[in-house]
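Input: a single structure, listed below in structure tokens.
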Amino acid sequence: MFEFIKIDTNSRVPKYKQIVDSIIYNISEGNFVMDQKIPSINMFSEEFYLSRDTVEKAYSILKQRNIICSIRGKGYYISRTKLISKVNILFLVNKLSPYKTRIYESFINTIGANSHVDIHVYHCDESVFLNLLNKYKSSYDYYVVMTHFKTDDLKHITITDEVYKAIQKIPKEKLVVLDNIKLGNDGDIIEVYQDFENDIYNALSEGVTKITKYENIILVYPSKSVYPYPKRILHGFRKFCVQNKLNFEILDEVYDDIILKRGDLFITIEESDLVKLIKQIREEEYVLGKDIGVISYNDTPLKELLGITVMSTDFRIMGETTAKMILNKEKGKVKIPFNFIDRNSI
């Protein structure tokens with residue numbers, strides 16, 4: 001195998017990365033095959049006059065990518081010859097909601113077969129996120145991260161000090177930030193985002209003519225959720241209501257015995273609250289869109305089918321735009337459109 005592996009001692013590329021790239025290249029060229037044994041760490045270091053730590057780091061990366069495996073007492077073997085791609089991407093998402101799934105699917109469809117994407121869900125948990133980032137450091141060509149975290153009292157926080165430090169260690173040419181732009185970068189990385197505060201304010205402003213026919217505007221914002229929502233949604237909602245001199249209220253949830261009144265307009269974020277609200281409107285024989293209005297946050301095919309008015313980011317475009325920027329090696333900030341889609345529920 002040594003005749004195929006090339007290490008350039010004059011190159012600025014770290015030696016461990018040259019080992020990784022050389023083995024992957026030879027697999028893609030068919031020079032190394034499935035189940036083929038590769039040299040031990042000691043043999044490799046002796047052949048190329050490299051430190052044992054350098055070879056061990058390269059083998060660790062290859063194991064993390066499932067390209068090689070180790071068998072106790074026997075050594076290292078090629079474990080994957082398919083899925084070896086030119087671009088390896090780690091996709092860190094805070095939750096697997098229908099919306100985040102749509103981003104991911106659009107990203108996968110656009111990035112194409114010449115890339116391999118590993119997705120991990122960290123459930124808004126700082127420690128899980130940090131552990132994943134540490135485990136896979138130096139293992140991927142791109143790191144796509146969505147930064148949404150929860151505090152001990154289930155409040156939303158965009159980024160923590162420890163997460164910020166960890167992300168700053170990722171080479172800028174490899175870093176891709178989705179959904180948020182709170183990292184303080186100046187266009188030298190890929191950032192594809194939605195602006196939560198201004199998005200909801202502008203969307204509500206689009207529908208202001210219909211909205212102002214209602215007497216009370218109620219935002220159902222889960223203040224303590226397993227997957228908390230950005231507070232900037234609240235700020236944008238309050239700003240809209242105050243500037244338009246509207247009576248407004250903020251509730252944690254749609255209660256099972258909530259008191260409904262003609263002239264109420266509800267804005268829901270979670271699917272469960274939307275379902276409970278529509279059910280109670282029907283049970284009390286109010287006319288949706290006339291007696292009581294409903295606007296839902298984030299669109300789905302079911303909401304479209306049911307005629308529910310929504311405010312929503314275009315998640316398909318978010319995934320597609322991110323993939324295209326990686327493929328075209330572009331940098332910079334791109335804001336994704338956020339639309340007010342008027343249907344039959346207001």
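The values are calculated or read from the model by the stated rules, or taken from the named source; none is laboratory data. Everything numeric here is computed off the predicted structure, so don't read it as measured data. Here Cβ is always computed from backbone atoms with ideal geometry, including for glycine, and neighbour counts include all displayed protein chains. The protein model used for the area step is the full one, side chains on, heavy atoms only, and it has no ligands, DNA or RNA in it. Shrake-Rupley method; radii C 1.70, N 1.55, O 1.52, S 1.80 Å.
Under the convention that each Lys and Arg Cβ holds +1 and each Asp and Glu Cβ holds -1, the size of the dipole of the chain around its Cα centre is about 920 debye. For the chain, the per residue solvent-accessible surface stands at 50 Å², with DNA, RNA and ligands left out and a 1.4 Å probe.
In a simple Cβ point-charge model (Lys, Arg +1; Asp, Glu -1; nothing else charged), region 152-269 has a dipole of about 300 debye relative to its Cα centre.
Per the Kirkwood formula applied to alpha carbons, region 164-268 shows a radius of gyration over Rh ratio, Rg over Rh, of 1.11. The relative contact order of the chain comes to 15 percent, based on Cα pairs under 8 Å that sit 6 or more residues apart. Between region 277-311 and region 29-80, the C-alpha centres lie 58 angstrom from each other. Note on the chain: antiparallel DSSP beta bridges, both residues inside, total approximately 20 percent of the bridges counted. Once the chymotrypsin sites (Phe, Trp or Tyr not before Pro) in DSSP loops with at most 13 neighbouring Cβ atoms within 10 Å are cut out of the chain, the longest remaining piece is 50-254. Within the listed set P301, P39, P171, the Gaussian network model of the chain (springs between alpha-carbon atoms below 10 Å) gives the highest mean-square fluctuation for P301. Between L302, L50, L260, where does the largest GNM mean-square fluctuation fall for the chain, given springs only between Cα atoms within less than 10 Å? Looking only at L302, L50, L260, the largest GNM fluctuation is found for L302.
Remark on L288: its backbone amide H falls under 5 Å from none of the residues 5 or more positions apart or on other chains, H modelled at 1.01 Å from N. Measuring nothing but protein heavy atoms, the accessible surface of the chain at 1.4 Å probe radius is 49 percent carbon and sulfur. Every pair of different Cα atoms in the chain enters the Kirkwood calculation, which places the hydrodynamic radius at 22.9 Å.
Among the GluC sites (Glu not before Pro) within region 161-269, those in coil by DSSP and having at most 15 neighbouring Cβ atoms inside 10 Å are E215.
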